[in-house]
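S.K.: Just passing along the structure, written as structure tokens.
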Amino acid sequence: MHLGRTTLSKFLIQQLQAEGKSDLAALLVDIAAAIKAISAMISKGGLADVLGSLETENVQGETQKKMDVISNQVFINTFESGGLIAGMASEENDDPMTVGGKGFSAPFLTLFDPLDGSSNIDVNVSVGSIFSVIDAPRDRAPTMNDYLQPGTRQLASGYAIYGPSTMLVITVGKGTHGFTLDREVGNFVLTHANIQIPVDTSEFAINASNERFWEPPIQRYVMECKAGKADIRARDFNMRWIASMVAEVHRILMRGGVFLYPKDNKDPSKPGRLRLMYEANPMSFVVEQAGGLCSTGRARIMDVQPEEIHQRIPVILGSRNEVERIEKYHHEYDAGEDKAYSSPLFSERSLYR
């Protein structure tokens, strides 16, 4: 039971009502309701026939899981009935959807990944949902350009993680806060207030199977971490990889670390792997509000001006000192400074030397 503890609704009233932002608080409560519904279905797994793949692909060319489509529809239904959304964009839809409801008076647009890491769902590994909230135009229907706002203009963002417990982690620009779902009473309860990411870490997360495709700065960083005490880092690192951005970011928020999904040359047509608008931007807002940094390796993610709704981007985020080191390696590489590759280990093993 959570007698006397702060529920999500109470927290949002405290954070937003005094500033006249009750509509934003109401929208976040709606999002929480959608997350509860998705959590209930995921928790049943094979009992509810929600596992497995469909014979369809999304706009990304990815085979859709059943829960991708179900989760997407849960969010759509929630936003359509709530009356607070003028339009929405999702990983699972080719184009943004305009919502009728209150005509053009609805104050917000949402961008969301309804089920991040869905490739893990059939093997019972944590998955999640990611969302971002931005202002909508008040005097007309939203157009594509209205969605293409840099991350610095987000009003709120967050994610849900469906693991041993379901958690909702949000920011409205006043720190990052985590809520755990109490299934007995159906409320999200504040369990992790003012989360802070440690500035230092000895843990990194990257898909090592792509090592031969990485740019030299990423090769350099990872090789130094793997060398541990034997190289210039003078300490041992642990490597993690879950293949779910939500799970990776959640671990970093709880205990520190750095997550890398960098640019590579495996598919030159893709400047990155993750989507800017509904993955990188909302997670960057959450991480920065917790004291971390988020970068493409060459620029702050939230400063990037979006060009299209499904735009891909390199992502490096987490503990401040590690992200700054990785940015430094990119800058040295771009400047052609040979000292960037002075590590003997890098010289011996890299594909680029």
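The values are calculated or read from the model by the stated rules, or taken from the named source; none is laboratory data. What you see is a predicted model, and the numbers here were worked out from it, not measured in a lab. Using ideal geometry, Cβ is built from the backbone for each residue, glycine included, and neighbour counts are taken over all protein chains shown. Accessible surface areas use protein heavy atoms only, side chains included; no ligands, DNA or RNA. Shrake-Rupley method; radii C 1.70, N 1.55, O 1.52, S 1.80 Å.
S.K.: Determine which lysines satisfy two conditions relative to K10: a Cα distance under 24 Å, and not lying fewer than 8 residues away in the same chain.
M.R.: Once the sequence-local lysines are set aside, what remains near K10 is K21, K36, K174.
S.K.: In addition: Given 37 °C and 0.692 mPa s, how large is the Stokes-Einstein diffusion coefficient of the range 96-245 in µm²/s, with Rh as the Kirkwood radius over Cα pairs?
M.R.: Taking Rh from Cα pairs, D becomes 173 µm²/s.
S.K.: Take E332, E337 and sort them by solvent-accessible surface of the protein heavy atoms, 1.4 Å probe, largest at the top.
M.R.: Sorted descending by solvent-accessible area, the residues read E337, E332.
S.K.: Any chance you could list the semi-axes, whole Å, largest first, of the equivalent ellipsoid that the Cα gyration tensor gives for the range 158-204, using √(5λ)?
M.R.: Taking √(5λ) for each eigenvalue gives 22, 14, 9 Å, largest first.
S.K.: Give me the tail of P(r) for the chain as a percent: Cα-Cα pairs with distance above 37 Å.
M.R.: Counting pairs separated by more than 37 Å, the tail of P(r) holds 18 percent.
S.K.: Starting from the residue with the highest accessible area, list T171, T180, T191 in decreasing order, probe 1.4 Å.
M.R.: T191, T180, T171
S.K.: Separate question: Applying the Karplus parametrisation 6.51 cos²θ - 1.76 cosθ + 1.60 with θ = phi - 60° to the phi angles of the range 281-296, what ³J(HN,Hα) value in whole Hz is obtained for each residue in order, glycine and proline being reported as x?
M.R.: 5, x, 5, 5, 4, 4, 5, 5, 5, 9, x, x, 10, 9, 8, 7
S.K.: Now for a different question. Counting Lys and Arg as +1 and Asp and Glu as -1, each charge on the Cβ, what is the dipole of the range 142-258 about the Cα centre in debye, to the nearest 20?
M.R.: 160 debye
S.K.: Given the options H331, H250, H310, which has the most mean-square fluctuation in a GNM of the chain, springs set between C-alpha atoms less than 10 angstrom apart?
M.R.: So, out of H331, H250, H310, the one fluctuating most is H331.
S.K.: Provide the solvent-accessible area of D236, counting protein heavy atoms only and rolling a 1.4 Å probe, rounded to the nearest 10 Å².
M.R.: Approximately 90 Å² for this residue.
S.K.: Find the all-direction average of the projected area of the Cα convex hull for the range 234-337, expressing the result in square nanometres with one decimal place.
M.R.: 7.6 nm²
S.K.: Moving to a separate point now. Hey, can you grab everything whose amide H is under 5 Å from the amide H of T176? Only 5+ residues off in sequence or another chain; H modelled, so Pro and N-termini drop out.
M.R.: Placed amide hydrogens put N194, I195 under 5 Å from T176.
S.K.: While we're here: Taking amide H positions as placed in the peptide plane 1.01 Å from N, state which residues far from R240 in sequence (5 or more) or on other chains have amide H under 5 Å from it.
M.R.: For R240, whose amide H was placed from the backbone, the distant partners under 5 Å are F204, A205, I206.
S.K.: At a probe radius of 1.4 Å, what is the per-residue accessible area of I13, in Å² to the nearest 10?
M.R.: Probe radius 1.4 Å; accessible area of I13 about 90 Å².
S.K.: Would you rank R298, R273 by solvent-accessible area, highest first, keeping every protein chain in place and using a 1.4 Å probe?
M.R.: In descending accessible area the options line up as R298, R273.
S.K.: Dividing the convex hull volume of the Cα atoms of the range 185-235 by its residue count, what figure in Å³ per residue is obtained?
M.R.: 161 Å³
S.K.: Using amide H atoms built 1.01 Å from N in the peptide plane, name the residues 5+ places from E92, or on other chains, whose amide H lies under 5 Å from its own.
M.R.: Hits under the 5 Å cutoff: none.
S.K.: Can I ask one more? Can you list the aspartates and glutamates whose alpha carbon sits under 18 Å from that of K226, skipping same-chain ones fewer than 8 residues off?
M.R.: Partners found: D200, E203, E211, E215, D236, E322, E348.
S.K.: Now, a different point. If you average the C-alpha positions of the range 227-291 and of the range 1-45 separately, how far apart do those two centres end up, in angstrom?
M.R.: So the separation of the two Cα centres works out to 27 Å.
S.K.: Give me a comma-separated list of calculated 3J(HN,Hα) values for the range 105-119, in order, Karplus coefficients 6.51, -1.76, 1.60 applied at θ = phi - 60°, integers in Hz, x for any Gly or Pro.
M.R.: With coefficients 6.51, -1.76 and 1.60, one gets 8, 4, x, 10, 10, 10, 10, 8, 9, x, 8, 6, x, 5, 4 Hz.
S.K.: Taking only the C-alpha atoms, wrap a convex hull around the range 127-184 and report its volume per residue in Å³ as a whole number.
M.R.: Expressed per residue, the convex hull around the Cα atoms of the range 127-184 is 124 Å³.
S.K.: When Lys and Arg each count +1 and Asp and Glu each count -1, what net charge do the other residues less than 11 Å away from D113, Cβ to Cβ, add up to?
M.R.: Around D113, the charge tally is -4.
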